[in-house]
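Everything on this sheet refers to the single structure shown next.
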Amino acid sequence: MAVVDDEYLIAAALSVQVEGLGLTVCGTAATAEEAIALARDQRPAVVLMDVRLGGDKDGVDAALVIHATVGSKVIFVTGSREPATLARIERDHAAAVLFKPISDWQLRDAIETVLGA
Amino acid sequence: MSIQEGVIAGLAVLASALAVTVFARRGDRRADAVRFAQLAELNARLVVALEEGTEAKQDLERVVAERTSALVQRDLLLREVYHRVKNNLQVVDSLIVLQARRLSDRESRTALEALRSRLFALGLVHQQVMGSGDLETFDVAPFLEELSRRLRDHAGGGVGLSVRAAPLKVGLDFGIPLGLLVTELVNEAIGRSGPGDGAIEVELAQAEAGELVLQVREGGGRETGAPRIPAADPASLAATIIEALVAQLKGVLTVSNGQGVRSEVRMPSPALS
């Protein structure tokens, strides 16, 4: 499992939540480029992806590349409800979309659904 | 005298001057010369008035453009501030998650989870204002729907939920305490509900004379008539928060304990400034 968020504390908290479910976090990334490099290197089954990232590209861009090259399932994690963002996620093979803040229960449910599918 | 008045007065003088000219006896060259001079002067005044009008219009257009750009700027800044507020709340939420993992006792962790849901309510209010056209007010109905649903999902366990709220525009001053109050009442109801219980009902209705009635009811139904866990322990944090928020909203809280606990808050409808 990889965690992508440009807020390092949010990434740390998400990692802790994932590990609390008994899963392993292979790394965290803060930009689209870092996320793509991490995914190529570690080939995670699932990526938790924030939409707004530092840098030119956002989480949707990174997810497109990761999905095409590594084939990881991408769960989008977003704080925004903006229709433009949601429309972009829709077109991007999203395995699931979670809205921050995320409870352990919601996270477990989403990951189980994605891995079971 | 305004430009318009000046133009109208000028035209009136011009018209009378023309009339006088038509009826003037031919051959009276001196009178013609005087009339001509008067007309030339009137014409000059009209040209000046028109120029002033054009200038004034340009000034006005400039002011409108400046104001429009200031408004666009204000919207951008407000959006940015709301985004920052939301982001900060998410960072605080993450800090709570990180802290919770360091605690071993269940009670402390449950308390921190409850704090997370209160923060979530604050964040959701900001999300509503961010999405509204005027960046100041939002409709309380979809907000209560989403808040209650997310609180239920956050808790897990699949308790039924029904939300009925009348459309009502509110600002932050009212939306924040209302959102926090609903959070407490719904979390209390979820905490008291078990598998097989009826749905939790949340209702916000306009009563007569500018009064709002908020109701949160548990479905009940585990064992009809069986004694239920009473409403918020008066010494609990939830009770303290509910009391403070009801007071802030100038409301009155009534709790009845029948088949399930039913909390009702009657409060004045907010006046939007």
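The values are calculated or read from the model by the stated rules, or taken from the named source; none is laboratory data. As the structure is a computational prediction, the values presented were derived from the model and not from experiment. With ideal geometry, Cβ positions are generated from the backbone for all residues, glycine too; neighbour counts draw on all protein chains shown.
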Given the structure, is B:G53 among the small types (G, A, S), surrounded by 10 or more Cβ atoms within 10 Å (Cβ to Cβ) and at pLDDT below 95?
-> yes
Please work out if A:D6 is within 13 Å of chain B (Cβ to nearest Cβ) and either surrounded by fewer than 21 Cβ atoms within 10 Å (Cβ to Cβ) or in contact with a strand residue (DSSP E or B) (Cβ under 7 Å, 6 or more places away or on another chain) (or both).
-> yes
If you scan the range B:141-155, which residues turn out to be without any contact (Cβ under 8 Å) to a residue 60 or more places away in the chain and of a type outside the set (F, W, Y)?
-> B:P142, B:E145, B:E146, B:L147, B:S148, B:R149, B:R150, B:L151, B:R152, B:D153, B:H154, B:A155
B:Q128: within 18 Å of the chain's Cα centre (by Cα) and either modelled with pLDDT of 90 or more or facing chain A (nearest Cβ under 10 Å) (or both), yes or no?
-> yes
What number of residues within the range A:13-48 satisfy the criterion of being more than 20 Å from A:V97 (Cβ to Cβ), free of Cβ contacts under 8 Å to residues at least 24 places away in the same chain and in contact with a helix residue (DSSP H, G or I) (Cβ under 6 Å, 6 or more places away or on another chain)?
-> 1
When every residue in the range B:153-204 that is buried (at least 16 other Cβ atoms within 10 Å of the Cβ) and within 14 Å of another protein chain (Cβ to nearest Cβ) is compared, the one nearest to the chain's Cα centre (by Cα) is B:T183
Within the range B:80-108, work out how many residues are farther than 22 Å from A:V3 by Cα and either among the polar types (S, T, N, Q) or facing chain A (nearest Cβ under 10 Å) (or both).
-> 2
Wholly enclosed strands (runs of 3 or more DSSP E) of the range A:33-117 bearing at least 2 residues of a type outside the set (K, R), more than 14 Å from every other protein chain (Cβ to nearest Cβ) and surrounded by 19 or more Cβ atoms within 10 Å (Cβ to Cβ) | A:46-50, A:73-78
